[in-house]
1. What is the mean number of Cβ atoms from other protein chains located within 10 Å of the Cβ atom of each residue in peptide A:71-78, rounded to a whole number?
2. Place a label point 7 angstrom from the Cα of A:Glu31 along the Cα-to-Cβ direction, then list the residues of segment A:115-130 whose backbone nitrogen is under 15 Å away.
3. May I ask for the percentage of alpha-carbon pairs in the protein assembly as shown that lie more than 30 Å from each other?
4. When Cβ neighbours within 10 Å are restricted to other protein chains, what is their mean count per residue of peptide B:39-46?
5. Could you sort A:267-274, A:6-13, B:2-9 so that the peptide with the highest average Cβ count within 10 Å comes first and the rest follow in order?
6. Is any helix in chain B, taking whole DSSP H runs, at least 15 angstrom long along its axis by alpha carbon and on average at least -1.0 on the Kyte-Doolittle scale, and which ones?
7. Taking Cα pairs under 8 Å and at least six residues apart, what relative contact order does segment B:2-115 come out at, in percent?
8. FRET efficiency for A:Asn289 and B:Leu114, Cβ-Cβ distance as r, R0 = 22 Å, nearest 0.05?
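Values quoted throughout were computed directly from the atomic coordinates according to the rules given, and no laboratory measurement underlies them. This is a predicted model, so every value here is computed, not measured. Positions of Cβ are generated from backbone atoms using ideal geometry, with glycine treated the same way; all protein chains shown enter the neighbour counts.
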Amino acid sequence: MLRITADIFSGRPDPVSDITDANEVRALLREVDSNRNLFLGEAPAGSGLGVRGFWIEPLNDEFGSEFGTEPRLYLPVGAQAHGGRAAEIGERLVTLMERGEPAASGEAAQPLDASLREFLIPQLAAPARLTVTDRTAPAETEAEAERGSEEATAAITCTIELGAFNPGFWNNDSTVRLSNNCYNYASNWRTNTFAQPGRGCGSMYKAITCAEVTRASLCDGMHHRFDCFPDAESPRYLVALVIAPGPGFVDFHWFRKQKEGFWGHKPGPTDARNTDNSGNVIYNPETANRGPYTVFCGYLYGCNSQRQRIR
Amino acid sequence: MDVEIDLYSGRRNPVFSLAPEAAAELMSRIAALPPAPPGAAPLQGLGYRGLRITGGPAADIMEIVVSGGVVVARDRNGAERVLQDAGRSLERRLADLAAASLDPAEMSVLRQELRGGPETP
């Protein structure tokens with residue numbers, strides 16, 4: 001027999017269900033074994049409100065060899081999930097809990113029924129977007145401190161959003177792939193027009209230089225980094241602008257920071273990706289291999305009105 | 001038949017049209033290419049990525065990518081054939097055809113890429 005506990009409530013007892021069908025238990029344990037990296041021995045601290053995860057624990061020693069050495073395992077879901085399959089396994093656990101027996105030892109715990117299922121399922125997947133604080137690096141403030149700035153010790157912070165890396169949205173349909181460029185990707189807005197900085201606001205760049213492309217992007221509604229947007233302008237993405245200065249090859253390019261910690265980009269009409277010209281995942285667009293785009297212009301924020309303005 | 005030089009990320013790529021005779025020659029050369037070795041793939045990333053041909057006479061071919069010694073022909077059902085362009089000879093031939101309609105600076109970039117090093121004056 002296997003016990004599953006949904007870690008949901010704060011004040012009330014959590015739903016607990018015992019799975020007695022040996023075949024179902026074995027099938028689940030096989031899935032646990034092949035996705036062991038998604039499970040923890042303890043629940044993570046500070047997992048927040050709403051559905052946080054599931055405990056699974058054998059109630060006898062029959063499944064010992066299949067379960068391993070831990071007395072119980074915890075599957076974090078939602079924002080705390082350790083991988084995309086956590087939501088799928090979480091949904092399977094909810095289904096098993098519905099079919100299982102409400103645990104006899106539970107003190108008036110709510111059974112996991114259809115209404116609770118409807119509440120739980122949408123929360124299992126990791127959110128498509130994270131809201132985080134973007135803060136000036138300590139080195140920047142120290143450098144300012146050395147220059148004697150009175151405001152140097154106070155770090156500047158802005159609240160921004162980081163979207164999930166979803167290259168399929170840009171790559172799977174050939175029209176979307178061919179008709180949207182790096183500025184569309186950075187803005188996370190598909191226009192199918194190969195969007196150009198400043199065209200939406202009526203003042204496109206007049207030269208491909210850091211100053212001109214930045215000016216045109218600000219005209220579309222972007223802000224310089226640490227010039228914060230209000231919450232109403234969410235999603236406020238952190239993006240980076242680079243330039244290929246020539247001679248011969250003159251162009252601009254954008255990167256956008258993703259919630260997974262790396263940066264995504266879309267080189268013109270080709271596939272969106274998170275790797276640089278050396279095939280390395282981009283964790284720092286300033287040091288990534290950018291081919292001919294050798295000039296790093298800086299970081300800006302996009303926002304909701306800016307992305308809807310681009311053309 | 002249109003040929004796009006796949007160079008840029010932010011800007012639109014330059015495009016030129018092939019005359020019917022050049023298009024027919026191109027299709028016949030492609031028909032004679034052998035399959036590429038396993039793992040062969042077009043150039044990717046930032047910078048020059050090859051040439052993309054669309055609007056060809058073969059109704060079932062949607063696009064042909066000529067890039068880095070590889071030719072990829074995709075049909076309208078999504079199936080693709082990966083062929084070998086030994087010595088990048090087809091790519092060089094297309095670059096020669098581009099010379100008449102391409103900006104001299106862009107042409108210089110293209111020739112430099114195909115030469116595999118900086119262009120000598």
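1. Taking all residues of A:71-78 together, the mean is 0.
2. A:121, A:124-125
3. 57 percent
4. On the way: counts 0, 0, 0, 1, 2, 7, 12, 18.
Taking all residues of B:39-46 together, the mean is 5.
5. The peptides rank, most packed first, as B:2-9, A:267-274, A:6-13.
6. B:20-31, B:104-115
7. That works out to 23 percent.
8. 0.60
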